[in-house]
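The values are calculated or read from the model by the stated rules, or taken from the named source; none is laboratory data. Not measured: the values here are computed from a predicted model. A quick note on method: Cβ atoms are made from the backbone with ideal geometry, for glycine too, and the neighbour counts reach across all protein chains shown. Please note that ligands, DNA and RNA were not included when accessible areas were found on the heavy atoms of the full protein model with its side chains. Shrake-Rupley method; radii C 1.70, N 1.55, O 1.52, S 1.80 Å.
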Amino acid sequence: DPMTDGRLPLARLTSETAWLYMPFGSGMGTFMPVYGLQERAADAMLDAYVNRAHNDLLELWLETGVAGPVLAAAALIWLAGRSAKLWRRQAPGAEIDLSIARAATIVIALIAAHSLVDYPLRTGAIMAIVAFSCGLLIAPLAGAPPLPDRTHPRKARPRRPRPASSEAATTNAPISQHPPERWGNDIEWPKDWR
């Protein structure tokens, strides 16, 4: 891995470059050319170029200036508050919903920790997993109807009557007392399908 010993100098130069573009940043997707302009010969890797900061927060700061870290901090504050409610068991809902939401907090925390030494949130698949996990943390709307309680067995619903066969039509017995018959016997199937 060429980045084994290169992450600290990379982080240092990324933060120095971010200060040059304050307060608005260099623009989303401009890390590679902007970093390349500031890279020193002593920091350059042999036969390689730097395509990412290997720290999502630093790269966000470089590209978005003040706005990116402020929005990231707001998201972290919301995440911390929502996680605290979920882990204190104050969230309404079924037990399985609570377990899934708690698991989502762990997924987000692990990927956020990984973002400090690499760039997992820059890949579409992991970004989608984090977005889905954040969606699992959103509280239900106040006016939404409650979900049915799944802890008790369902009440038996009346079944729709099946079409009576010619034999069943001749008797007055309920359908449930007729012998079961194979589905499709009363259908005229094409010869090739038989």
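A few remarks follow.
Each row is one residue, and each column tells you yes or no for (1) in a helix (DSSP H, G or I); (2) loosely packed, with under 13 Cβ neighbours inside 10 Å.
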{"residue": "72", "(1), (2)": "yes, no"}
{"residue": "77", "(1), (2)": "yes, yes"}
{"residue": "83", "(1), (2)": "yes, no"}
{"residue": "86", "(1), (2)": "yes, no"}
{"residue": "99", "(1), (2)": "yes, yes"}
{"residue": "117", "(1), (2)": "no, no"}
{"residue": "129", "(1), (2)": "yes, no"}
{"residue": "133", "(1), (2)": "yes, no"}
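- Test: residue in region 106-114 that is open to solvent by less than 30 Å² (accessible area, probe 1.4 Å) and either outside any helix (DSSP H, G or I) or at pLDDT below 90 (or both): no
- Matching residues, region 46-70, being out of contact with any Asp or Glu (no Cβ under 8 Å at 6 or more places or on another chain), open to solvent by 30 Å² or more (accessible area, probe 1.4 Å) and of a type in the set (D, E, K, R): 47
- Scanning region 3-18 for residues that are under 11 Å from residue 63 (Cα atoms) and either open to solvent by 50 Å² or more (accessible area, probe 1.4 Å) or hydrophobic (A, V, I, L, M, F, W, C) (or both) yields a total of 1.
- Yes/no for residue 187 being open to solvent by less than 100 Å² (accessible area, probe 1.4 Å), assigned to a helix (DSSP H, G or I) and modelled with pLDDT of 75 or more: no
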